[in-house]
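Scroll down for the structure; my scribbles are underneath it.
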Amino acid sequence: MAFTGEPTARAHELGVRRRRGPSAGHPSHRWWVLGVIGLAQLMVVLDATIVNIALPSAQADLGFSDGNRQWIVTAYALAFGSLLLLGGRVADLIGRKRVFLIGLVGFALASALGGAATSFGMLVSARALQGVFGALLAPAALSLLTTTFTDPKERAKAFGIYGAIAGAGGAVGLLLGGLLTEYLDWRWCLYVNLIIAVVAFAGAVRLLQPGAPADRPKLDVPGTVLVSAGLFCVVYGFSNAETHSWSSVQTWGFLAVGAILLAAFAWWQTRAEHPLLPLRVILDRDRGASFLAMFISGAGMFGVFLFLTYYLQQSLHYTPVKTGLAFLPMVAVMVVTSVITTNILVPRFGAKPIVPTGMGLAAAGMVWMTQLDLTSSYVPHVLFPLLVMGLGLGLIFAPGMSLATSGVAAHDAGVASAMVNTSQQVGGSIGTALLNTLATSAATSYLTGRKPTPEALAQAQLHSYSTAYWWSAGFFAAGLLVTFALYRRGAPRIHPVDEAATPVVHV
């Protein structure tokens, strides 16, 4: 028995090696995979802010109106936010590597189309296509990360780095957008995606093996239609709030329809044989808290980037490049904090004290920013609250992303990853639209009964920014209460990932 058992075990081991490739177990190869995934995620996150810097130049070049300007941003947000859950399930259905590569190529081609745009319609169409392929790329990238790093210590390091990329990408986009617009042309804010995509594509082809999950779920068509239409209506409704009043049918009508469709989707998921978003994915306390943390922090964070950018350029007269550089210290603190949080703090203390603390710090940073005025200087008035924000966001993003996908079965990894991106993207879209509306109303109220002198207009701008900062602080304060109530006490329970469907790396 001993003689025959050893060859049998050896044969099994050799069979596993053949399926996985000759060098699958080498740990360094997984870190190369993280680099590829990080590049793809950076490209998607960059696009959320880099185009904002290029908008004035693009508007002057293509000649579209101020009223149409918002559609350059909204077209992307509508497609991306409404299709993310579908993109995550498609990755589970046909294979994450395949969807990852399709998303990369499609995003790059859509970026090239936008860079070559000769009209407003062409640019808006390109941005919508970027959103479609981004909805395939983003959840595939995160689910690859989830299933590649199964060791708890490696997983913590990987998600620390990934969370830092996701959180800091927006600020990096501001800097890169400023450099490209100021020294090259606004079109390079889109063309730069081609360079990133080529590098990421080459790495993905080399490092990841093809193949779909062994136990592929079926597509929930009614659920897909309900959630995609519902998210579209919600994002569209809040986007309309920027240019229409809240009493407009184009605002509340779409919001009401979106809420009804999402409620119908939730009901259908309890009855569908193969639900698009299985309730087991979102009903876990830690995962549910993480999805809410990403939603709330997305709403507050985009407010920081948007209004502080306006303040630096319009009130303090910074150049686009100088504005981008002003955010870099926050990025550095966010990166360091994310790595320390997932490797040291969360494994020891759990998410319950960490993420709520991050929410509190972010709220404090926003309140601090309400003191900014026309005489403020970068040090200490802008830098110090930015550092506090970076510390807070670093405590939120990395553990939020890691726990949102922890313990998910391999055949649900794509849709769980999509929920992370959906939460942040929809939160950002709603937060940006809501804060814009509130800031505009605050500026109008300030000018009521005053002569529109240059001084009064400048003070009205400051008042609008301060209003947005206060509301962002309120978002983060609510996030503190929600995450403290929902996260479990103690170190997180480590769930092994099903390796049968784990993507393989090889050299």
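The values are calculated or read from the model by the stated rules, or taken from the named source; none is laboratory data. What you see is a predicted model; the values in this text were computed from it and never measured. Heads up, the Cβs are rebuilt from the backbone with ideal geometry, glycines too, and the neighbour counts pull from every protein chain shown. Areas reflect the complete protein model, heavy atoms only, side chains present, ligands, DNA and RNA absent. Shrake-Rupley method; radii C 1.70, N 1.55, O 1.52, S 1.80 Å.
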Original post:
Which residues, taken from the range 448-458, are without any contact (Cβ under 8 Å) to a residue 40 or more places away in the chain and either part of a helix (DSSP H, G or I) or of a type in the set (D, E, K, R) (or both)?
Top reply: R450, K451, P454, E455, A456, L457
Original post:
Of the residues T337, T342, T323, which single one is modelled with pLDDT of 85 or more, open to solvent by less than 40 Å² (accessible area, probe 1.4 Å) and either at positive phi or among the polar types (S, T, N, Q) (or both)?
Top reply: T337
Original post:
Only one residue in R127, R98, R89 is out of contact with any helix residue (DSSP H, G or I) (no Cβ under 8 Å at 6 or more places or on another chain) and either crowded, with 24+ Cβ neighbours inside 10 Å or basic (K, R) (or both), so which one is that?
Top reply: R98
Subject >> Residue that is touching a helix residue (DSSP H, G or I) at 6+ places or on another chain (Cβ under 7 Å), modelled with pLDDT of 75 or more and open to solvent by 50 Å² or more (accessible area, probe 1.4 Å), where the choices are L62, L34, L39, L46 >> reply: L39
Original post:
Only one of these conditions is not met by V415: (1) open to solvent by 20 Å² or more (accessible area, probe 1.4 Å); (2) touching a Lys or Arg at 6+ places or on another chain (Cβ under 6 Å). Which number is it?
Top reply: (1)
Original post:
in contact (Cβ under 8 Å) with a residue 40 or more places away in the chain, outside any loop (DSSP other than H, G, I, E, B) and under 22 Å from S248 (Cβ atoms) - does that describe any residue in the range 418-427?
Top reply: yes
Original post:
Since Y310 meets every condition but one in (1) in contact with a helix residue (DSSP H, G or I) (Cβ under 6 Å, 6 or more places away or on another chain); (2) at pLDDT below 80, which condition does it not meet?
Top reply: (1)
Original post:
Looking only at the range 101-123, which residues are open to solvent by 10 Å² or more (accessible area, probe 1.4 Å) and of a type in the set (S, T, N, Q)?
Top reply: T118, S119
**OP:** Determine which member of the set G230, G237, G258 is in contact with a Cys (Cβ under 7 Å, 6 or more places away or on another chain) and surrounded by 14 or more Cβ atoms within 10 Å (Cβ to Cβ).
**Re:** G258
Original post:
From the list A138, A116, A156, which one is touching a residue at least 12 places away in the same chain (Cβ under 8 Å) and closer than 20 Å to R187 by Cβ?
Top reply: A116
**OP:** Quickly run through the range 459-491 and pick out the residues that are crowded, with 21+ Cβ neighbours inside 10 Å and in a loop (DSSP other than H, G, I, E, B).
**Re:** Y487
